[in-house]
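Report on the structure given below.
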Amino acid sequence: MLNLTATVGRPATTALLRVALACGLAAALPVTVSAHDPSKPWAVSGKLLGEPDPKHPAEAGRSDKAKDVSGIACATETGFPRICLVADDEAQGAQVAILRDGSLVAGRFIRLIDATQKGEPLELDAEGVAYADGAFYVVGSHGRPRREHGQGAEGDARAEATRHLFRIRLDPKAVDPETGQLRAEPEITGTAALAQIIADIPALAPFHDRALEEGGVTVEGVAVRGGRLHVGLRGPVLADGSAAIVSVPLAGLFDGKPGTGTLATVALGPDSHGQKRGVRDLVAVPDGFLILAGPMLDPEDGAVAAGDYTVFAWDGTGAPRKRRDLAGYPRKEKPEALLPLDENADGQRVLVFFDGPNQGAPRAVVLPR
C-alpha cells in the first residue's frame, strides 16, 4: 500500500455547506426527483482518471480519461451536493468527486497501489466502491487476468495486484465541495485477506485463481450493511444458475483477524441470449440491497440488448425481486455501477455509470416501486 500526501485544495466558499456535509445534515434535505432529461448523460467537469501513463504512472494528471468507470459511492444518501468516491478499473486507485443533481465534478485522485511488472504499471482492477460509518471501501476484482495476460509470472503479478480491499477515511471538512480537492491526508488501510476468505468457501474453492472465461472468481460489487462487508461476484455463476454473494464481518478484517466468509446465492436469470448472469454491482439500501445483474461473459460483438442488464431488490435472505430491466445501449457500453439518488411516489431514481464511454456517461434511471 502506498502512503500518500493529499494535495491542498482551495478553501470552501460556502461555510454552511461544509457544516452540512460534516454533520451529515444533507440526509435531512427534502427528497425530490429531478427534472433532468434522463436520456442525456450527466455532465462531468474535470477529468475522471483511468489508465495511468506507462512512463509516468505516479503522475495522476498524465493518466488517460476514464473509460471503464466501475464503482461509485457517496458519503450521504440524500440531498446534493454529495462527497463521493469513483473507481475506474484501469486505474491504480480511486478519485474523489462532488455529485450535484445533473452533474459530477472530478476531484482528487487517491492512489492505492503502485505495483508494476517489467516497468509497466498494473491495474488494481477496482470493481466496487461502498461507504459506511465514515469510511469508503474500494475492492479489486480478485480475479485472474483473461487470455494471454493471465499466464505465467505476468498473470501472477496482475492477479496479485487486484487482490486488495481498501478502507479510506476522509474528513468531510477537508474536502472542498466545489472542486473535490483535499486539504488533509486520507487515512488508508488495506487488506489482502478477502481472497483467501473467498477461496475457503467450498462452493467457490474450485474457481479460485481461474480466469473469468473459465468461471473464475471475479468480484464486481461491494456493499457494507449490518456490520458485514458483502461482495457480489460476476463469476462464477454456480451450477444451478445462481450468482454468488459473499459476506464477512467487518470486525477484524483490517486488523489481521478476519472472520469466516458466508455464501449467499441469488437467481438472476439469463440475459437476452440465454447466457447466465452474475452480479455487476451491489449497493446497500435501507431495506437490503440493489443488485445490478449482467452477463458473466460479455458477447463477442459487445452488443447490449434490452434486458441484458437488470436491477433487482434483495432483502439479503430471500429471492431477489426485479425492479427494472435496463434498456439496450450502444455497442460495448455496459452498465457497470449504480448509485441511488432519491425517491418519490413513482419510484426510486438511480444513476447508472457505464464501462466504455468517456467518464462513465452517467444516466439517471427510475426504478418502479
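Restrict the check to the range 230-239 and report whether at least one residue is small (Gly, Ala, Ser), open to solvent by less than 10 Å² (accessible area, probe 1.4 Å) and at pLDDT 95 or above. Among the residues of the range 230-239, at least one is small (Gly, Ala, Ser), open to solvent by less than 10 Å² (accessible area, probe 1.4 Å) and at pLDDT 95 or above, which makes the answer yes.
Only a single criterion out of (1) surrounded by fewer than 18 Cβ atoms within 10 Å (Cβ to Cβ); (2) under 16 Å from residue 340 (Cβ atoms); (3) of a type in the set (Val, Ile, Thr) is not satisfied by residue 72, namely (1).
When you scan the range 149-163, do you find a residue that is among the hydrophobic types (A, V, I, L, M, F, W, C) and under 20 Å from residue 49 (Cβ atoms), even just one? The answer is yes, given that some residue of the range 149-163 is among the hydrophobic types (A, V, I, L, M, F, W, C) and under 20 Å from residue 49 (Cβ atoms).
Does residue 81 fit the bill of being under 30 Å from residue 37 (Cβ atoms) and touching a Pro at 6+ places or on another chain (Cβ under 8 Å)? Criteria met by residue 81.
Quick check: anything in the range 80-88 at pLDDT 95 or above and either touching a Gly at 6+ places or on another chain (Cβ under 6 Å) or polar (S, T, N, Q) (or both)? Steps first, please.
In the first step, residues of the range 80-88 are kept if they are at pLDDT 95 or above; the result is 80-88.
Filter once more, keeping what is either touching a Gly at 6+ places or on another chain (Cβ under 6 Å) or polar (S, T, N, Q) (or both): 87-88.
Yes, the conditions are met somewhere in the range 80-88.
Output the residue which, of all residues in the range 151-166 that are buried (at least 18 other Cβ atoms within 10 Å of the Cβ) and modelled with pLDDT of 95 or more, is nearest to residue 103 (Cα to Cα).
Filtering the range 151-166 for residues buried (at least 18 other Cβ atoms within 10 Å of the Cβ) gives 155, 158-159, 161-166.
Those left that are additionally modelled with pLDDT of 95 or more: 158-159, 161-166.
Numbers: 158: 34, 159: 34, 161: 32, 162: 30, 163: 32, 164: 30, 165: 28, 166: 27 Å.
Applying the filter and picking the extreme gives 166.
Let's see how each residue does on (1) farther than 18 Å from residue 127 by Cβ; (2) open to solvent by 30 Å² or more (accessible area, probe 1.4 Å):
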| residue | (1), (2) |
| --- | --- |
| 204 | no, no |
| 207 | no, yes |
| 211 | no, no |
| 222 | no, no |
| 228 | yes, yes |
| 261 | no, no |
| 266 | no, no |
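If a residue must be in a strand (DSSP E or B) and either open to solvent by 10 Å² or more (accessible area, probe 1.4 Å) or touching a helix residue (DSSP H, G or I) at 6+ places or on another chain (Cβ under 9 Å) (or both), how many such residues does the range 130-146 contain? So the count comes out to 6. Applying the selection to the range 80-94, what residues are open to solvent by less than 10 Å² (accessible area, probe 1.4 Å) and either over 13 Å from residue 168 (Cβ atoms) or in contact with a Lys or Arg (Cβ under 8 Å, 6 or more places away or on another chain) (or both)? 82, 88, 91, 92, 93, listed by residue number.
Conditions tested, residue by residue: (1) closer than 15 Å to residue 164 by Cβ; (2) not in a loop (DSSP other than H, G, I, E, B).
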residue: 70; (1), (2): yes, yes
residue: 73; (1), (2): no, yes
residue: 78; (1), (2): no, no
residue: 90; (1), (2): no, no
residue: 96; (1), (2): no, yes
residue: 104; (1), (2): no, yes
residue: 108; (1), (2): no, yes
residue: 113; (1), (2): yes, no
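Within the range 235-257, residues that are over 19 Å from residue 191 (Cβ atoms) sit with their Cβ atoms under 7 Å from residues that are open to solvent by 40 Å² or more (accessible area, probe 1.4 Å) and polar (S, T, N, Q), at 6+ positions apart or across chains, in these pairs: 238/265; 242/265; 243/265; 244/265.
Here are some residues: 342, 355, 325. Which one is of a type in the set (Asp, Glu) and open to solvent by 40 Å² or more (accessible area, probe 1.4 Å)?
Values: 342 fails: open to solvent by 40 Å² or more (accessible area, probe 1.4 Å); 355 fails: open to solvent by 40 Å² or more (accessible area, probe 1.4 Å).
Of the residues listed, the single one that is of a type in the set (Asp, Glu) and open to solvent by 40 Å² or more (accessible area, probe 1.4 Å) is 325.
Among the conditions (1) surrounded by fewer than 24 Cβ atoms within 10 Å (Cβ to Cβ); (2) part of a strand (DSSP E or B), residue 251 misses just one, which is (2).
For beta carbons closer than 8 Å, sequence separation of 6+ or different chains, a first residue in the range 206-223 that is more than 27 Å from residue 136 (Cβ to Cβ) and a second that is among the basic types (Lys, Arg) and assigned to a loop (DSSP other than H, G, I, E, B), the qualifying pairs are 211/146; 213/146.
Which count do you get for residues in the range 270-301 that are open to solvent by less than 70 Å² (accessible area, probe 1.4 Å) and within 18 Å of residue 354 (Cα to Cα)? Spell out the reasoning first.
Here is the first cut: in the range 270-301, the ones open to solvent by less than 70 Å² (accessible area, probe 1.4 Å) are 271-272, 274, 277-285, 288-296, 298-299.
Imposing the further condition that a residue be within 18 Å of residue 354 (Cα to Cα) reduces the set to 271, 277-283, 290-296, 298-299.
Here the count works out to 17.
Taken over the range 49-91, residues that are touching a residue at least 40 places away in the same chain (Cβ under 8 Å) and either of a type in the set (Lys, Arg) or within 26 Å of residue 133 (Cβ to Cβ) (or both) amount to 24. Of the candidates 115, 130, 157, the single residue that is touching a residue at least 60 places away in the same chain (Cβ under 8 Å) and closer than 30 Å to residue 297 by Cα is 130.
Counting residues that are farther than 18 Å from residue 245 by Cα, which strands (runs of 3 or more DSSP E) fully inside the range 269-369 reach at least 1?
Numbers: elements: 277-285, 288-295, 310-314, 321-325, 334-344, 347-355, 363-368.
Fully inside the range 269-369 and qualifying: 321-325, 334-344, 347-355, 363-368.
The values are calculated or read from the model by the stated rules, or taken from the named source; none is laboratory data. Note that the structure is a prediction, hence the values are computed from the model and not measured. Positions of Cβ are backbone-derived with ideal geometry, glycine not excepted, and every protein chain shown enters the neighbour counts. For accessibility, only protein heavy atoms count, side chains too; no ligands or nucleic acids. Shrake-Rupley method; radii C 1.70, N 1.55, O 1.52, S 1.80 Å.
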